[in-house]
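Remarks on the structure that follows.
Readers should treat all values here as calculations from the given coordinates under stated rules, not as data from a laboratory. All values reported here derive from a predicted model rather than from experimental measurement. All Cβ positions, even for glycine, are placed from backbone atoms using ideal geometry, and neighbour counts span all protein chains on display.
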Amino acid sequence: MTIANTLRPYNDYQAEQKYLTGRLQEVERGLGRVAARLGEPTPISEPLDALDRARELVADMVKQVTVRPLEEAIQRQLEWLGRAEERLGQANGEPKHDLNRIALDRVLLQSIRDGWRVLRRGV
């Protein structure tokens with residue numbers, strides 16, 4: 001089943017994209033700081049992996065806000081994570097994702113949402 005989404009008017013998501021772009025820049029600065037501390041090519045560490053995943057999620061939200069509000073996009077992703085977590089317990093022969101990745105995604109998405117809520121309230 002294909003769900004057709006229409007683009008939102010730019011003025012409706014401009015503030016969300018500005019916020020997300022700022023978050024993306026923060027994440028990339030964090031990646032740079034961690035890489036600089038390591039000083040040489042190294043296997044992916046836990047901090048680098050978490051920052052890389054944060055970058056992926058924020059970049060995905062940048063795309064999502066063109067068709068749905070940020071709060072809704074995050075809520076849908078959190079609901080999907082809930083369903084994925086439920087499927088972990090099912091023995092149906094399909095490969096399972098690590099629960100830690102689901103927990104990390106949930107924390108990262110909640111952080112994005114919390115930052116947006118604070119920004120919207122002007123706190």
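Overview of values
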quantity: Two-decimal Rg to Rh for the chain - Kirkwood Rh, Cα set; calculated: 1.02
quantity: Label-point separation, GLN110 to GLU79 (7 Å along Cα→Cβ), nm; calculated: 1.9
quantity: Relative contact order %, the chain, counting alpha carbon pairs below 8 Å whose residues are six or more apart; calculated: 31
quantity: Dipole-positive endmost among GLY32, LEU119, ALA84 within the chain (Cβ charges, Cα centre); calculated: LEU119
quantity: Near-label residues of the stretch 58-74 by backbone N, under 13 Å of a point 7 Å along Cα→Cβ of ALA35; calculated: none
